[in-house]
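Report on the structure given below.
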Amino acid sequence: MMVLTLLTKQIDGEFTVYWKTGLRRAGELKVDLGEQYDKLPEQQKLIAAELYAIHHLLSVKEVMGSNRSGNGLQIRVSKGAIKKLQKQRSTQHSLYSLTRFLLTRYQEAQISVEKREDWLSYSFEEYSVDNATVREIDEVINVPNIGPVVVTRHALERFVERLSGGVPKHPWKALCAKLCSTELAKSLLPECIASKKAKKYFVQAEFWCHGSSGMHFVMVPSAKALTLVTVFNR
């Protein structure tokens, strides 16, 4: 089990997230929440900063390794609300937009709460100081011949349900493999099905099919990329 530990503090109006992976590597990330989250209550700002730091450390800085998913990963947070957000039991709805990555790519990660601060005084072999400004968080798969594709939780769940071999050990990696396969090709569906999907998503959807599995991926255009909204078999 690989462990990422975090501790978030607000000092002179600035948010700093301290982190470590074991006893060798650690650092601090100074998070600028920007105007988008400036009106949040102070306690929610701390949660937002820690959520963004988790994503930045895992998906941008890749402190736990590249091509990482949630399997075999434990995240020790200092804000208990993050655990509730991952389980979708929180009433702090304004923070769910920063939680999507924990509901898709890292959904198997085990989240626990730890408020110890003694490790802040440790002497680590590697210590880095970085800055980050909060933006919208989406987990994206760069698909050949398509480009960046945003994955929704619903689509990932439907993908797992429709796999013929049962639930994979690494759902995110299994989805990446299907989407990046040379067998993936654009598909033309019967007009009745295409029309039904268009009415459901209010836009003209694209359909891509993985040849040998017969699995169809429904994608709709969004501001910056296509969004994978569901998966079905035919």
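Worth pointing out:
- Among (1) surrounded by fewer than 18 Cβ atoms within 10 Å (Cβ to Cβ); (2) touching a residue at least 12 places away in the same chain (Cβ under 8 Å), the one test that Glu50 misses: (1)
- Residue in segment 37-50 that is of a type outside the set (Val, Ile, Thr) and under 25 Å from Ser123 (Cα atoms) present: yes
- Meeting the requirement of 1 or more residues that are out of contact with any Leu (no Cβ under 9 Å at 6 or more places or on another chain) and at pLDDT 90 or above, the helices (runs of 4 or more DSSP H) wholly within segment 119-234 are 153-162, 171-179.
- Residue in segment 103-115 that is in contact (Cβ under 8 Å) with a residue 24 or more places away in the chain, among the basic types (Lys, Arg) and buried (at least 22 other Cβ atoms within 10 Å of the Cβ) present: yes
- Of all residues in segment 142-176 being among the aliphatic types (A, V, I, L, M), surrounded by fewer than 19 Cβ atoms within 10 Å (Cβ to Cβ) and within 17 Å of the chain's Cα centre (by Cα), the one that is farthest from Glu14 (Cα to Cα): Val160
Yes or no, residue by residue, for (1) under 15 Å from the mean Cα position of the chain (by Cα); (2) farther than 19 Å from Glu136 by Cα; (3) β-branched (Val, Ile, Thr):
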| site | (1), (2), (3) |
| --- | --- |
| Glu35 | no, no, no |
| Ile47 | no, no, yes |
| Lys61 | yes, no, no |
| Asn67 | yes, yes, no |
| Ser90 | no, yes, no |
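The values are calculated or read from the model by the stated rules, or taken from the named source; none is laboratory data. Everything quoted here is computed from the prediction, not taken from an experiment. We place every Cβ from the backbone using ideal geometry, glycine too, and count neighbours over all the protein chains shown.
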